[in-house]
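Before any comments, here is the structure.
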Amino acid sequence: MATRAAYFSPSEAQILMEAYEEVKDIIKKKGNTATVIKQREKAWQSIADRLNALNMNGPKRTWQQVKIKYKNILQNAVKKNTHRQGTGGGSPKADLTPAEDMALELNKGRPVLEGIPGGKETSIGSSQDATRFIQVSGSTVFLLEPPAQAPDDADPGEGPSAAATAHDGDDDEEETISLDSRRHESSQAIRKLYGNHLRRQIELADIDIQYKKKKMENLALESEIKKRTIRKLDLEIKKLEREVRYAFNVHCMLTVTQMY
């Protein structure tokens with residue numbers, strides 16, 4: 001699912017990159033535990049807060065929009081730089097913006113595409129698309145060397161090292177769900193489902209407890225009724241015993257009287 005964010009002005013893009021530089025160590029921290037993911041979110045949120053504070057009357061940016069905008073800036077910078085390198089060091093079709101130039105500088109030190117001496121200019125949208133040489137791992141983007149004679153239908157694969165999808169200039173604001181976001185959303189969905197399951201189990205356990213309490217009350221009532229019945233029968237037995245003894249005594253007396 002993708003949504004389009006409001007246009008980021010060039011000044012916003014540059015401020016974004018400057019703020020990113022201050023928290024990049026947190027964002028690029030390895031690991032996908034809940035704690036690390038939360039730290040990354042706070043770092044992206046700090047960038048969004050700075051943009052919103054400097055642009056009071058403009059659209060309010062979310063940390064997700066800021067994160068995706070950063071990746072779009074880097075992807076576009078890589079596309080332009082790859083095109084320039086692919087023409088053997090000739091003039092690029094489009095100059096890098098200050099934000100794009102800063103994005104490349106912040107990712108300096110990773111493998112990048114070398115210019116091909118005597119190479120011919122090719123279209124960015126050709127089979128040697130720059131996106132084939134962009135690798136994403138977590139929140140980190142790597143610039144890779146192009147494989148020899150890469151086939152046109154090469155599948156970049158999926159998962160943590162899947163290739164990032166490049167955007168054309170008019171699609172800069174297209175929001176794409178990142179791998180970390182999908183993992184986090186999946187984790188949240190699982191926790192929600194498990195929470196619902198636990199609540200249902202608690203409800204069923206409570207119903208069972210109430211049923212057993214009622215059953216115990218009924219058994220206690222039945223027990224009390226039986227105790228009273230036993231006491232009543234005991235009294236009746238004692239009464240009968242007294243009557244029998246009385247009748248026996250009277251019989252004995254009559255027998256004695258007849259003898260005299």
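The values are calculated or read from the model by the stated rules, or taken from the named source; none is laboratory data. Worth saying up front: this structure is predicted, and the values here are computed from it rather than measured. No Cβ is skipped: glycine too gets one built from the backbone with ideal geometry, and neighbour counts run over all protein chains shown. Ligands, DNA and RNA are stripped out before the accessible areas are found, and what is left, the full protein with its side chains, is counted by its heavy atoms. Shrake-Rupley method; radii C 1.70, N 1.55, O 1.52, S 1.80 Å.
Among the residues that make up the stretch 43-64, is at least one of them crowded, with 18+ Cβ neighbours inside 10 Å, modelled with pLDDT under 90 and among the β-branched types (Val, Ile, Thr)? Checked against the condition, which is being crowded, with 18+ Cβ neighbours inside 10 Å, modelled with pLDDT under 90 and among the β-branched types (Val, Ile, Thr), the stretch 43-64 yields no hits at all. Taking the conditions exactly as written (at pLDDT below 90, open to solvent by less than 100 Å² (accessible area, probe 1.4 Å) and either within 30 Å of Val36 (Cα to Cα) or in contact with a Pro (Cβ under 8 Å, 6 or more places away or on another chain) (or both)), does Arg183 satisfy them or not? So Arg183 fits the description; yes. The condition (being open to solvent by 10 Å² or more (accessible area, probe 1.4 Å) and modelled with pLDDT of 90 or more) is satisfied by just one residue among Asp95, Asp25, Asp101: Asp25.
Restricting attention to the stretch 3-22, which residues are part of a loop (DSSP other than H, G, I, E, B) and either open to solvent by 70 Å² or more (accessible area, probe 1.4 Å) or touching a Ser or Thr at 6+ places or on another chain (Cβ under 6 Å) (or both)? Within the stretch 3-22, Thr3, Tyr7 meet the criteria.
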